[in-house]
Amino acid sequence: MRRKYKADAKKRFSYLITALLIGFAMGLLAKLVDNPRVTGIVPVFDDLGGRLGIWIFTATLLAVFCNSPGMAAIRTFIYFMSFLFTYYAYTVLFLGFFPKSQILFWGLCALVSPLCAFLIWFARGKGWFSNFLISLPIAVLAAEAYMTGKGNSVLQIIYFCMCLCLLLVLPKKRIQCAPVLLITFLVFFVLIKLDILTIVFGNWML
């Protein structure tokens with residue numbers, strides 16, 4: 001029993017350290033490529049970093065591959081907080097300005113992320129509820145690509161790959177793909193028709 005406890009504790013620790021390191025690396029990378037000299041040569045960096053998709057995609061994978069919904073919530077929160085801390089610490093220390101409104105908005109998003117991660121953990125279960133949960137991040141990615149990626153074929157290809165990856169990875173059984181695609185289409189239609197992403201994120205979504 002003691003060995004099992006130690007193994008479980010070690011696994012939980014690895015979950016948190018992984019999230020911390022990924023958040024740190026992505027925050028630093030996002031800030032380093034947020035430079036006209038970089039984005040002028042490879043604009044896809046700015047296309048990805050300035051949108052929700054890549055962060056939703058990463059957070060979804062971090063959340064579902066945990067041993068409990070509680071750990072998924074903690075892991076995702078650490079990921080977002082380490083990312084935001086690195087990104088804005090760089091902004092304040094090296095660029096000399098304090099974007100208060102941005103920090104406040106994305107900080108609030110980070111506070112909501114544990115609840116989202118707690119729920120999305122159940123996506124790898126069975127039944128229509130799990131299929132619905134799987135469809136949510138895929139539908140959001142597809143809706144954002146549709147709304148902000150028009151005329152940008154490279155960005156649309158990247159979003160398509162992220163959607164395909166989630167569709168292949170999240171369902172435990174391949175037979176789930178058909179109902180997931182159906183639900184995804186319905187959620188996508190609602191998001192586009194009601195313009196929900198714009199209502200929630202407004203000018204923060206490019």
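Descriptive notes on the structure:
- Residue among Ala139, Ala25, Ala178 with the largest mean-square fluctuation in a Gaussian network model of the chain, springs linking Cα atoms under 10 Å: Ala178
- Of Lys11/Lys172; Lys126/Lys150; Lys10/Lys172; Lys31/Lys172; Lys11/Lys100, those spanning more than 30 Å from alpha-carbon to alpha-carbon: Lys126/Lys150; Lys31/Lys172; Lys11/Lys100
- Note on Lys150 and Ser14: the model spin-label points, each 7 Å out from Cα along the C-beta direction, lie 4.7 nm apart.
- Geometric extent, Cα atoms of the chain - Rg, Dmax (angstrom): 17.8, 58
- Calculated accessible area for segment 152-206 comes out at 63 Å² per residue, all protein chains present (probe 1.4 Å; ligands, DNA, RNA ignored).
- In a fully extended conformation the segment linking Leu104 and Leu194 would gain 29.8 nm over its present Cα-Cα distance, using 0.36 nm per residue.
- Taking a ≥ b ≥ c as the square roots of the eigenvalues of the Cα gyration tensor, segment 65-157 is classed as oblate, since a/c reaches at least 1.5 and a/b does not exceed b/c.
- Taking a ≥ b ≥ c as the square roots of the eigenvalues of the Cα gyration tensor, an a/c ratio of 1.5 or more together with a/b no larger than b/c marks segment 109-177 as oblate.
- Carbon-plus-sulfur accessible fraction, the chain (probe radius 1.4 Å, protein heavy atoms only): 74%.
The values are calculated or read from the model by the stated rules, or taken from the named source; none is laboratory data. Since we're looking at a predicted model, the values are computed, not measured. Using ideal geometry, Cβ is built from the backbone for each residue, glycine included, and neighbour counts are taken over all protein chains shown. When the accessible area is computed, the model is the full protein with side chains, heavy atoms only, and any ligands, DNA or RNA have been set aside. Shrake-Rupley method; radii C 1.70, N 1.55, O 1.52, S 1.80 Å.
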